[in-house]
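In what follows, a structure is listed as structure tokens, so that the remarks can point back to it.
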Amino acid sequence: MTLKVNYADFHQITRSKTKEVPIASQEELEEFGFTLLETIFPAAKEIRLLGIALSSRGEEPCHEHQLRLSL
């Protein structure tokens, strides 16, 4: 999972974290995502854009639907 933060002054940072096993539920996805978000809060400056991306190391996930974050 990769977190990309664009600040109001156009400075940007990325943070990433790897999980050894596929994410199997929405609750697990949210928990894993929040661990990345915690690294940037409280924010030292205003955030203008925040993005989270998931990627796979190999096998495609076996989910029939896309998981969503409840932000």
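The values are calculated or read from the model by the stated rules, or taken from the named source; none is laboratory data. A quick note: this is a predicted structure, and the numbers were derived from the prediction, not measured. Don't worry about glycine lacking a Cβ; one is built from the backbone with ideal geometry, like all the others, and counts go over all protein chains shown. Ligands, DNA and RNA are excluded from the accessible area calculation, which covers all protein heavy atoms including side chains. Shrake-Rupley method; radii C 1.70, N 1.55, O 1.52, S 1.80 Å.
What the table below lists for this structure:
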quantity	calculated
Within segment 16-58, tally of residues that are in contact with an Asp or Glu (Cβ under 8 Å, 6 or more places away or on another chain) and closer than 20 Å to residue 68 by Cβ	1
Selection status of residue 37, over 19 Å from residue 56 (Cβ atoms), of a type outside the set (Asp, Glu) and open to solvent by less than 40 Å² (accessible area, probe 1.4 Å)	yes
